[in-house]
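Novice: Quick one: the structure is below, questions incoming.
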Amino acid sequence: MANDRFLDRHGIASPPHPARERLAALVVTEPAAALAVLRDRRLINSMSVSDQIGRVAANTESLLATVDATPLPQTRPEDHTKRKRVLVALIKALETGFDARRANALFDAALAPFDGAARFDAAADALQPAVSRVLFDLLRIEHPDPAGVMRHTAAYMLNCHPIGARRNLETIADADAAIFSAMREPVRRAWLEGEGGDAPIVHTARGLAAGEADPLELLTRATTGVLLGMDQLLNAYVHVVFAAMSASGDARDAFFDAERLSADIDQVLTRCSSGRYVFRKALEDCEFEGRRVAAGAHVCIDIAAQPREDVDYRPMAFAGGRHKCPGEALTMKMLRATLPGVVARFSDCRPVETTWKFGVFSRCIEHLEVVRDR
């Protein structure tokens with residue numbers, strides 16, 4: 001990592017979270033303490049949809065009926081373990097098969113039409129379709145509307161939070177069903193047509209245990225999981241481009257310096273991610289920073305907190321501990337290879353109008369109107 005830590009000094013904007021105090025028994029804002037919380041085995045990942053369903057739907061008959069009618073992740077531990085195993089295998093296959101030259105060529109082709117535009121929507125018209133195209137190419141899956149599928153992932157991710165209100169769970173259920181329905185047939189085609197090849201879906205299918213009841217369901221669910229994680233990656237491209245265009249002085253120079261941006265990519269991702277807060281739920285009574293956290297209560301970790309000068313700063317865009325994001329290596333590999341080139345295309349642009357959409361703890365840019373200075 002570069003030593004100047006330009007993002008720390010210039011304070012890239014992070015999403016507001018006025019409700020965080022009432023959502024959590026403890027809000028941890030010091031990075032060193034946050035890492036300790038993330039690694040504590042007495043805490044579980046309270047962002048799990050299965051966990052939300054288990055707590056909220058148990059007393060809501062109509063919602064339980066909705067959940068039963070949709071392919072949401074099941075709550076049984078053995079199902080979760082199996083699905084996670086397939087998901088991790090697929091992510092590993094994607095990481096192995098990632099071709100930086102191919103990805104950059106796709107970005108060039110998708111963004112070239114905007115090179116001469118004096119004014120355009122850098123998010124909805126340029127970056128979101130471009131990133132969606134690259135992601136589906138990485139999966140080696142053909143779909144008529146990749147950006148449309150990714151809009152469903154945005155609805156899902158914006159409504160995920162540890163206090164699972166009924167309206168949020170219904171939105172999650174609808175989005176999950178839409179993603180699963182949109183991906184099942186493309187995954188089946190990729191699986192059957194690629195037999196004998198080494199496409200990620202095919203490679204993952206070979207690793208499934210013999211006699212799996214429904215390998216297509218497992219593969220589709222794993223693909224859905226990848227796309228949900230990739231929603232955060234899609235937002236990272238948009239948010240970093242926005243931050244780069246909005247910055248000034250040394251910070252702006254650093255964004256448009258490919259070598260510096262690549263070296264500081266973990267800081268960039270922490271500051272410009274779509275989510276600033278991670279939640280964990282206590283399995284038993286605990287004590288952190290001198291405060292008691294009762295079993296069942298939530299701890300909120302501020303992953304973008306400013307570090308003290310005497311503490312080593314370790315960015316936490318992927319959280320930490322046993323619930324750390326399994327897609328970290330793939331995401332970092334993709335961003336280091338492609339983000340500098342994408343950001344460079346906007347070096348003569350400035351934002352004039354931005355539309356944000358906020359979830360309970362996350363955000364995304366829906367529209368980013370920019371003008372090109374000549």
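Novice: Among what's in the range 180-208 and is buried (at least 20 other Cβ atoms within 10 Å of the Cβ) and among the β-branched types (V, I, T), pick the residue that is nearest to K82 (Cα to Cα).
Specialist: For the range 180-208, the residue satisfying everything is T204.
Novice: Within the range 215-270, take every residue that is out of contact with any Ser or Thr (no Cβ under 9 Å at 6 or more places or on another chain) and among the basic types (K, R) and give me the one that is surrounded by the fewest Cβ atoms within 10 Å (Cβ to Cβ).
Specialist: Among those that are out of contact with any Ser or Thr (no Cβ under 9 Å at 6 or more places or on another chain) and among the basic types (K, R), it is R260.
Novice: So for the range 344-353 (the condition being polar (S, T, N, Q), surrounded by 15 or more Cβ atoms within 10 Å (Cβ to Cβ), out of contact with any His (no Cβ under 7 Å at 6 or more places or on another chain) and touching a residue at least 60 places away in the same chain (Cβ under 8 Å)), does at least one residue qualify? Spell out how you get there, then give the answer.
Specialist: Taking the range 344-353 as the starting set, the residues that turn out to be polar (S, T, N, Q) are 347.
Next cut, surrounded by 15 or more Cβ atoms within 10 Å (Cβ to Cβ) only: none.
Looking for residues that are polar (S, T, N, Q), surrounded by 15 or more Cβ atoms within 10 Å (Cβ to Cβ), out of contact with any His (no Cβ under 7 Å at 6 or more places or on another chain) and touching a residue at least 60 places away in the same chain (Cβ under 8 Å), one finds none in the range 344-353, hence no.
Novice: So, L63, is that one modelled with pLDDT of 70 or more and of a type in the set (A, V, I, L, M) or not?
Specialist: Values: modelled with pLDDT of 70 or more: no; of a type in the set (A, V, I, L, M): yes.
No.
Novice: Please list, ordered by first then second residue, the pairs with beta carbon atoms under 8 Å, 6 or more apart or interchain, first in the range 362-374 and closer than 14 Å to F120 by Cα, second acidic (D, E) and surrounded by 16 or more Cβ atoms within 10 Å (Cβ to Cβ).
Specialist: H367/D121; L368/D121; E369/D121; V370/D121
Novice: Here's another thing I want to ask about it. Let me confirm something: among A199, A154, A123, A130, which residue is closer than 30 Å to A25 by Cβ and hydrophobic (A, V, I, L, M, F, W, C)?
Specialist: Numbers: A199 fails: closer than 30 Å to A25 by Cβ; A123 fails: closer than 30 Å to A25 by Cβ; A130 fails: closer than 30 Å to A25 by Cβ.
Exactly one of A199, A154, A123, A130 is closer than 30 Å to A25 by Cβ and hydrophobic (A, V, I, L, M, F, W, C), namely A154.
Novice: Now for a separate question. Just checking, does the range 336-349 include any residue being farther than 20 Å from A122 by Cβ and at pLDDT below 90? Steps first, answer last, please.
Specialist: To start, the set of residues in the range 336-349 that are farther than 20 Å from A122 by Cβ comprises 336-337.
Cutting the leftovers down to at pLDDT below 90 gives us none.
Checked against the condition, which is being farther than 20 Å from A122 by Cβ and at pLDDT below 90, the range 336-349 yields no hits at all.
Novice: What number of residues in the range 317-374 are outside any strand (DSSP E or B) and not aliphatic (A, V, I, L, M)?
Specialist: Restricting attention to the range 317-374, the residues satisfying the condition of being outside any strand (DSSP E or B) are 317-348, 359-361, 373-374.
Add one more test, that the residue is not aliphatic (A, V, I, L, M), and what stays is 318, 320-328, 331, 333, 336, 338, 340-341, 345-348, 359, 361, 373-374.
So the answer is 24.
Novice: Identify, by number, the condition in (1) surrounded by fewer than 15 Cβ atoms within 10 Å (Cβ to Cβ); (2) modelled with pLDDT of 80 or more; (3) not in a helix (DSSP H, G or I) that A109 doesn't meet.
Specialist: (3)
Novice: Being charged (D, E, K, R), in contact (Cβ under 8 Å) with a residue 40 or more places away in the chain and farther than 27 Å from E366 by Cα is the filter here, so list the residues in the range 93-127 that pass it.
Specialist: Matches in the range 93-127: E95 only.
Novice: From A93, A103, which residue is at pLDDT below 95 and crowded, with 17+ Cβ neighbours inside 10 Å?
Specialist: On the way: A103 fails: at pLDDT below 95.
The conditions single out A93.
Novice: Tell me the helices (runs of 4 or more DSSP H) entirely within the range 193-290 that contain at least 3 residues that are within 27 Å of H152 (Cβ to Cβ) and within 17 Å of the chain's Cα centre (by Cα). If you could, list the steps in order and put the result at the bottom.
Specialist: Numbers: elements: 200-206, 215-246, 249-255, 258-263, 265-272.
In the range 193-290, the matching helices (runs of 4 or more DSSP H) lie at 215-246, 265-272.
Residues are listed down the side, and each one gets a yes or a no for (1) under 20 Å from P200 (Cα atoms); (2) in contact with a Leu (Cβ under 8 Å, 6 or more places away or on another chain); (3) surrounded by fewer than 22 Cβ atoms within 10 Å (Cβ to Cβ):
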residue	(1), (2), (3)
F114	no, no, yes
L135	yes, yes, no
P144	yes, no, yes
A147	no, no, yes
I172	no, yes, no
A178	no, no, yes
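The values are calculated or read from the model by the stated rules, or taken from the named source; none is laboratory data. Everything quoted here is computed from the prediction, not taken from an experiment. Cβ atoms come from the backbone with ideal geometry, glycine included; neighbour counts cover every protein chain shown.
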